[in-house]
Amino acid sequence: MRVLYDMKCTFCGNVCDDILIQIDEDGVSTKNTCKLGYHKFLDHPRIEFPQVDGQKVSYDEAIETAAEILVNSKKPLLYGWASTVNEAIAYGVALAEKLGGVYDNTSSVCHAPSTLATQETGIPASTLGQVKNRADLLIFWGCNPMSAHPRHPTRYSVFPRGFFVEGRRKRHVVVVDVRKTRTANIADEFIQIPPNSDYHIITAMRMILAGKEDDLPNSVAGVPAEKLVSLVDKMRNARFGALLYGLGMTQSRGRNKNVENAIRLVQELNSHTRFVIQPMRGHFNVVGADQVPTWEVGFPYAIDFSRGYARFSPGEFSVTEILRRKDCDSALVVSSDPAAHLPARSVKHLADIPVIQIDPHPNLTTRFAKVVIPSSLVGIEAEGTVYRMDGIPMRLKKFKESEYLSDEEILERLYHKVVELMGA
Amino acid sequence: MIRHVFIARFITGHCISQVVVNMGLKANVVTGRSLGQGSYVDDKLSKEYFEAVSICEVNPEDCEYLSIEEGDRVKITTEFGSVVLSVKKNKDIPSGVVFVPMGPYANQIIDPETTGTGMPQFKGIDATIEKTDEKVLEVNELIENVISR
Amino acid sequence: MNLIIRNGIVYDPQNGVAGEKMDIFIENGTIVENLPKDAKVIDASGKLVVAGGVDMHTHIAGGKVNTARVMRPEDVKSGIRRNPGFRAESGYTVPNSYGIGYRYARMGYTTAFEPANPPISAFHTHEELDAIPMIDKGTFVLSGNNWNVMEYTKKGDMEKLAAYMAWLLNRTKSYGIKVVNPGGIEAWAYGKNMRGLDDVVPYFEVTPADIINSLVKVNEELSLPHPVHLHCNNLGVPGNFETTLQSMKLVEGIENKDRPVLHVTHVQFNSYAGDSWKTFSSGAEEIARYVNKVDNITVDMGQPVFGSATTMTADAPAQFALHKLTKAKWSNMDVELETGAGILPFFYSPKNPVTAVQWAIGLEIGLLVNPGKVVLTTDHPNGGPFTSYPYIAAMLMSRKKREEELARVHKLVEKATSLPSIEVELTLEDVILMTRTLPARLLNLEKKGHLGVGAEGDVAIYDFNPLEADPSRDYGVVEKALSSAEVTVKGGEVIVKDGNLARQVYGKTYWVNTYTDDHWSLIGDDVINLFRYYSLEFSSYGVEEEWLKASHPVEVS
């Protein structure tokens, strides 16, 4: 029997790094995981071999066919990236630049509005340990870590014993959401707001902070003004506050404007006390999928290279828009399942063009992909670097041998094949 | 009349309007991650994944109004499409809101328009919810429908 | 490939060469005495030949640089350049990694050090350093607000502090110790700052002076190659030159025969007199006088250049103050137990009295401090991009150029600084000293910054004849030539030819390896104990050597 300590979980943006893995004849068992992590380490169906048009081929043949499709496309879309390692992403960005295609990652249907907001305002944030050690006020806004980042409350925010904050009893926890989530059940206070009302409520809170509460109506978007006054008072009087927000802000009406407003609220709070704001990033390396292209070419997502250099425009080059407008003629999908997670209208075009998919598991996109290339599981069968939701780099180890190539190896080969076909 | 109590709670002049219609109920759809969805996301062709994402969570009072029980089917229709889902009662969902786990089912009815941001509106979509006898499509059938559109 | 660089006009201050017509031989990447076999000849007749430039303080990699790119798409868009056969460039003040490498190479620079490496995200810094082509690299580890450092300082346990620093340099693969606003960033976690060297850091009960003293002591104890690299308290505050002088005086009497013991960085930002923005004026003369008087301190300029800049520093409280002042968009990152960061765009306008005076103060520093003690920097991109170095060099060498510039700046410069009356004109040799010899010496990189036998084959050839062109008069010609090297050679490879990229290479990453197991036995328990308060496991912390693209550990005896 083999016991491995401090292994890292590759499900959500927490990237918990205290997972205990036990390997014996019966297989792999884990300790310290949440329910999501528990399932992550179980055996799931695998894509058994590389395929072209449903026929079994070798890796080399699959990669060659993929390269030919990409090279012969006018504008390939290279999408996914949030569930693989930085080393693979770097090849993806280089490929997109070489091909004159488009690079986009899954943040474009996740926290991309946070990026748009950051472009307008910047973002005052902290690492998770700062929240753990100091935050005596936590506000979870439009996020539900108990379901989406289950160990966030225990490891980083609500429950842990911090250096300056002794633990749960010393923290005041508020949940703001449209429904009473599982996270609301562990909070001290739940403020229910109607869908699509975030912008209005944050605006009211900024008014209150600016001393203009008398100008407010009795209720804002159905929430009594005095409730908001009391919340803002708590924020102002916290020693160190953290506003942790999720897709409730980025995916409802207002999107980036909701986030921008929340960031400004937090920036203004820093004239009174210390306050930080942090997006609850979803996939275990969605941050890397933003960060790698940013240093490689300057932008995080929705990048078009058709002019030979990087252009950023989410209204044109995000996966949803580019598919909706039928503006790409092939797609390379890496570690993602757009057929399951994009609006139906965008999925339709994806099914109409040649798709190359690199993924360990069969999924809905595999169903119509022309080229399917199985890859090993990062953090289990393959190594590499990922960034936690707060940008802390984490190096994944592998603990199982695999007959599959890693994303990095596949993309490296694909890159060289494309260079070979196109010439330097 | 009970409906109006809830309307009053959410009267805002700008966000949702909640009106009783003949056949069904006007509601607001919110999609998002659930534990079940996340647990089986690497196994999308499994029964568990299907059971985790082909449902909607509805407030018990709204269920009563629609005369539906846990496990019954409803059809949710928005400007952008419709989908048949099994019902789960959840008292933590406010009346007038319906929660659908993210995934292929939710994506039949969300607003694909991104208003230049690249982000479709996955949350807060006006919808009509009504009882139906139609069956819930399997994941495969659902995708086949999209592709062959 | 072996090279002969023939008939160039060579300036090599370290070896006492100033304007001599010479041949330079490179064999297997190193400068040699005798004509190598099978060498390619580069004709440098009538052209300036110098060692590759060395930038010892430039923010080119890591979380804060990437955050700046994310929050400044307007900057990223402004520096677009296609490079057929190479990667594209973007950005003006925050270029992409390729842009950084290519621009340094085109400017004749072959080495650059990132001065702010937050330990917990050290691998991010290294991933970006590894992505930068063309140049050799290194980074300094942020230490002035680290809890372990403050604890050992409080206890006065220098042995353990030395052991801890040896471990930290090793874990983060860093080359030197960086101190930013000692104690002030820790205080910022609860919204405070350090206003003087004797202020007391909340909870830790040490002062900025204590922290500087103990790290300087340990830096000597460990015989590290680089002096303590200090960003003083009170950065950007009128009247701060006194804090800077007091900080410098802390190292009185501490000597090291090989190098200074303290490097005060981007000193322009810490050379302000006056007591408010209304009475804002220059304290550069006092700073220069002190630096010239002692022989254990060096500085770099941190020269502002007019136009767009991106300010980024671990000095998070200073950045919040700037945000309040300018209302510009602002990012902050509190880094648990260690440090912080603040980022915001800035604009140096010649018509704005404060920014014009800042510009003048930088030049005063460059002109008044002995050229052997001041390095030419912009604190890229805080004062502006590193691509402005030729402009700065031209101003240092030409009073006429300065007068031209002075004619367009706010007249407060005349009242608040001595720049208009400074007659000093640095020589080309001085500028080579400030951009090659001195920074290489401060980094203790013996094979860098000169062209003597045994040096690395890093050479820049600029298309002007220094024996004919007079930088004082022909500053336009000189500035243009320095902006774009005709040829840049890195480790014996021609990487720039005719001003264009010729070949993409990747340089090495220097770091100091002085750590031993004995160090761990002293501090292991303390380090592990404190990890309860980190948000990651001890085993996730740090950077392994094999993760680096081209690791180059430097052993210290």
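Just a few scattered comments:
- Take each residue of peptide A:249-259, count the partner chain Cβ atoms within 10 Å of its Cβ, and average: the result is 5.
- Rounded to the nearest Hz, the phi-derived 3J(HN,Hα) couplings of region A:143-157 under the Karplus curve 6.51 cos²θ - 1.76 cosθ + 1.60 (θ = phi - 60°) are 9, 9, x, 4, 9, 9, 9, x, 9, 4, x, 7, 8, 10, 10, where x marks glycine and proline.
- Normalised by the number of residues in region A:112-279, the mean separation of alpha-carbon contacts (under 8 Å, six or more apart) gives a relative contact order of 32 percent.
- Length gained when the stretch residue C:465-residue C:223 is fully extended (0.36 nm per residue, less Cα-Cα span): 83.0 nm
- A simple charge model with +1 on the Cβ of Lys and Arg, -1 on the Cβ of Asp and Glu and nothing else charged puts the dipole of chain C at about 1760 debye relative to its Cα centre.
- Unit charges at the beta carbon, dipole of the protein assembly as shown: most positive-side option, A:379, C:56, B:108: B:108
- Above-threshold pairs, the threshold being 20 Å between Cα atoms, out of A:417/C:77; A:132/A:234; C:257/C:508: A:417/C:77; C:257/C:508
- DSSP finds beta bridges in the protein assembly as shown, and of those with both partners inside it, around 50 percent are antiparallel.
- Cα-only radius of gyration and Dmax that characterise region A:1-43, units Å: 9.8, 31
- Once both labels are positioned 7 Å from their Cα atoms along Cα-to-Cβ, the gap between residue C:45 and residue A:402 label points is 6.2 nm.
- Neighbourhood charge, 13 Å Cβ-Cβ cut-off, centred on residue C:141 and excluding it, Lys, Arg +1 and Asp, Glu -1: +1
- R0 of 22 Å, Cβ-Cβ distance residue A:316-residue A:58: FRET efficiency to nearest 0.05: 0.05
- Gained length - residue C:257 relative to residue C:21, 0.36 nm times residue gap less alpha-carbon distance: 81.7 nm
- C-alpha long axis of helix A:286-297 to longest principal axis of chain A, angle in °: 70
- Across the options B:30, A:192, A:135, the greatest Cα extent toward the positive end of the charge dipole of the protein assembly as shown (unit charges at beta carbon of Lys, Arg, Asp, Glu) belongs to A:192.
- Cα-based helix-to-principal-axis angle, A:198-209 vs chain A, degrees rounded to 10: 40
- Shape call, region C:119-272: gyration tensor on alpha carbons, a/c limit 1.5: rounded
- Calculated from backbone phi, Karplus (6.51, -1.76, 1.60) coupling profile of region B:130-136 in Hz, x at Gly/Pro: 9, 5, 9, 9, 4, 8, 7
- Label point at residue B:149 placed 7 Å out along Cα→Cβ; residues across region B:104-131 whose backbone nitrogen lies under 16 Å: B:104-114, B:120-122
- Average Cα contact separation per residue, chain C, under 8 Å, 6 or more apart, as relative contact order %: 20
- With coordinates expressed along the principal axes, the C-alpha atoms belonging to region A:112-279 extend over 40, 31, 30 Å, beginning with the largest.
- Cα Rg, Dmax, chain C, angstrom units: 22.2, 66
- Note on residue C:277 and residue A:210: with the Förster distance fixed at 22 Å, the Cβ-Cβ geometry gives a FRET efficiency of about 0.35.
- Among residues other than residue C:58 with Cβ under 9 Å from its Cβ, the summed charge is -3 (Lys and Arg +1, Asp and Glu -1).
- FRET efficiency for the residue B:67 to residue A:229 pair, using the beta carbon distance and R₀ = 41 Å, is estimated at 0.45.
- Partner lysines for residue A:31 [C-alpha distance under 21 Å; skip if fewer than 8 residues away on the same chain]: A:8, A:40, A:397, A:398, A:400
- Residue by residue, region B:58-65 carries 3J(HN,Hα) couplings of 10, 4, x, 5, 5, 4, 4, 4 Hz when phi is fed to the Karplus relation 6.51 cos²θ - 1.76 cosθ + 1.60 (θ = phi - 60°); x denotes Gly or Pro.
- Where labels lie 7 Å past Cα in the beta-carbon direction, separation of residue A:25 and residue C:550 in nm: 5.2
- Rounded to the nearest 20, the size of the Cβ-charge dipole of the protein assembly as shown about its Cα centre is 2600 debye, with Lys and Arg at +1 and Asp and Glu at -1.
- Rounded if a/c under 1.5, otherwise prolate or oblate - region A:212-269, Cα gyration tensor axes: oblate
- Value of relative contact order over region C:419-511, rounded to a whole percent, pairs C-alpha under 8 Å and six or more apart: 19
- Ellipsoid equivalent to the protein assembly as shown - semi-axes via the Cα gyration tensor, in Å: 52, 34, 27
- Estimated from helical segments only, the mean residue ellipticity of the protein assembly as shown at 222 nm is -9000 deg cm²/dmol, where each DSSP H run of four or more residues counts as -39500 (n - 2.57).
- A cut-off under 13 angstrom between Cβ atoms defines the neighbours of residue B:42, and their net charge, with Lys, Arg +1 and Asp, Glu -1, is -2.
- Beta-bridge orientation, chain C: approximately 55 percent antiparallel, per DSSP, counting only bridges with both partners inside.
- Distance between the 7 Å Cα→Cβ label points at residue A:49 and residue C:453: 6.5 nm.
- Once the Cα-Cα distance is subtracted from the 0.36 nm per residue extended length, the residue A:120 to residue A:325 segment shows a gain of 71.1 nm.
- Sorted from greatest to least, the principal axis extents spanned by the alpha carbons of region C:23-141 come out as 51, 33, 23 Å.
Here, each number is a calculation from the coordinates, and none is a lab measurement. For clarity, every value in this text was computed on a predicted model and none was experimentally measured. Methodologically, a virtual Cβ is constructed for each residue, glycine included, from the backbone with ideal geometry; neighbour enumeration extends over all protein chains shown.
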